[in-house]
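This report concerns only the one structure given below.
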Amino acid sequence: MRTLPACLALVLALSTPATLAGPPSVEKRLSRRSETGALVQQVLEGSLPVPTAISRLRMLREESFAAAGLIQGLEATMDPRRLRDVTAVLAGLETRAAESTLVRLAEHSDGAVRMYAVQGLGRLRSSRVDVMLPLLEDKSLGVRREAARALGASRNPKVGKVLLTAAQAEGDPQTRVMMLEAVGASGDKKQAPALKAFLDDSSESTRFAAARGLCLLGAPEGIAFARKLLASEDKHVRRQGVALFEGMPAKQAQATLRPLLEDKDRTLAATSARILYQGGDKTMLSWLVLASWNAKVEEKLTYEKELETLHLADDERKALLRKAGMVK
């Protein structure tokens with residue numbers, strides 16, 4: 001059986017009945033860390049599925065502590081599959097404490113490890129573009145895709161031209177799509193003319209990606225493309241139009257999205273609210289919570305699906321409902 005990492009062994013030693021007889025806040029913290037340590041151990045032993053591990057560890061809100069235990073356990077992880085799983089969990093924790101380790105793992109010989117590592121760097125919006133740029137030419141499709149996504153997330157305009165050049169040379173359609181979107185996410189407005197040229201591409205997905213990139217740059221051509229989709233009678237086409245605003249600042253998107261909060265398609269309304277919230281309009285979180293609270297049973301899932309992506313804690317939800325006078 002694997003030996004417990006030192007930091008986890010210490011927490012478990014401290015989590016005795018005598019130690020836990022302190023202030024409630026201390027007891028609660030030690031209890032969380034004890035549970036976190038047990039989960040980390042299961043990850044290192046390979047007995048806990050990656051999605052479950054990420055969900056439960058994030059729920060405990062001890063991401064940095066969990067990362068420390070996983071990083072320490074990595075040194076003794078020889079099995080390739082186990083190493084991939086541990087890297088995937090580290091990436092999913094989205095904690096800055098894991099960044100330096102993810103940087104190192106982004107150069108690992110195993111393609112899956114590289115992919116998860118750069119995925120984690122993207123979630124952290126890491127500034128280490130020096131590590132990510134070479135991965136645009138990686139032999140693994142998954143690595144190239146995650147590298148594109150991570151470079152876009154870095155919000156570094158200096159990577160825009162490199163991403164566009166990579167997209168023009170990329171043979172895989174889906175990877176090219178992700179590179180074009182990343183051009184827009186990078187904020188390099190100088191690449192807008194080149195992105196506009198892709199609006200006439202024969203591939204629908206390429207046209208859509210170029211439009212999304214233009215929307216992220218705030219270019220009028222991208223917004224016009226999105227509004228054209230929103231004018232459709234087909235609800236699926238309209239939802240594609242809303243999706244083009246993902247990642248845009250609320251100030252740029254609100255003129256188009258706020259009116260959709262009253263749309264008869266409640267999926268469209270809920271998605272618009274979530275995009276506006278993530279773009280900086282904090283009032284939209286309350287809107288989603290109250291909409292879910294007041295919704296009929298068959299519609300409630302529509303709002304809950306969007307709230308789930310925001311990882312809203314129960315106490316935050318209750319606070320919003322209490323402020324609105326819905327609960328005491």
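Could you check, for segment 180-198, whether at least one of its residues is within 22 Å of the chain's Cα centre (by Cα) and on the phi > 0 side of the Ramachandran plot?
Let us first name the residues in segment 180-198 that are within 22 Å of the chain's Cα centre (by Cα), namely 180-188.
Among the residues that remain, those that are also on the phi > 0 side of the Ramachandran plot are: 187.
Yes, the conditions are met somewhere in segment 180-198.
Do we find that residue 309 is under 24 Å from the mean Cα position of the chain (by Cα), loosely packed, with under 14 Cβ neighbours inside 10 Å and under 23 Å from residue 268 (Cβ atoms) in this structure?
Taking the combined requirement at face value, the residue satisfies it.
If residue 67 satisfies all but one of (1) crowded, with 21+ Cβ neighbours inside 10 Å; (2) not in a helix (DSSP H, G or I), what's the number of the condition it fails?
(2)
Please work out which one of (1) hydrophobic (A, V, I, L, M, F, W, C); (2) open to solvent by 30 Å² or more (accessible area, probe 1.4 Å); (3) under 20 Å from residue 242 (Cβ atoms) is the condition residue 284 fails and give its number.
(2)
Six or more apart or on different chains, Cβ under 6 Å: which pairs go from a residue in segment 145-171 that's in a loop (DSSP other than H, G, I, E, B) to one that's buried (at least 21 other Cβ atoms within 10 Å of the Cβ) and of a type in the set (Lys, Arg)? Could you list them?
Hits for this filter: 170/176.
Taking segment 248-270, which residues are in a helix (DSSP H, G or I), crowded, with 22+ Cβ neighbours inside 10 Å and not small (Gly, Ala, Ser)?
Matches in segment 248-270: 257 only.
Could you figure out which of (1) farther than 21 Å from residue 207 by Cβ; (2) of a type in the set (A, V, I, L, M, F, W, C); (3) under 18 Å from the mean Cα position of the chain (by Cα); (4) surrounded by fewer than 19 Cβ atoms within 10 Å (Cβ to Cβ) isn't true of residue 243?
(1)
How many residues are within 19 Å of residue 171 (Cβ to Cβ) and either among the hydrophobic types (A, V, I, L, M, F, W, C) or crowded, with 17+ Cβ neighbours inside 10 Å (or both) if we restrict to segment 194-207?
5
Looking only at residues that are of a type in the set (S, T, N, Q) and at pLDDT 65 or above in segment 8-54, which one is least open to solvent (accessible area, probe 1.4 Å)?
Here the residue is 36.
The values are calculated or read from the model by the stated rules, or taken from the named source; none is laboratory data. Computed from a predicted model, the values in this text were never measured in an experiment. Don't worry about glycine lacking a Cβ; one is built from the backbone with ideal geometry, like all the others, and counts go over all protein chains shown. SASA here: full protein model, heavy atoms, side chains in, ligands and nucleic acids out. Shrake-Rupley method; radii C 1.70, N 1.55, O 1.52, S 1.80 Å.
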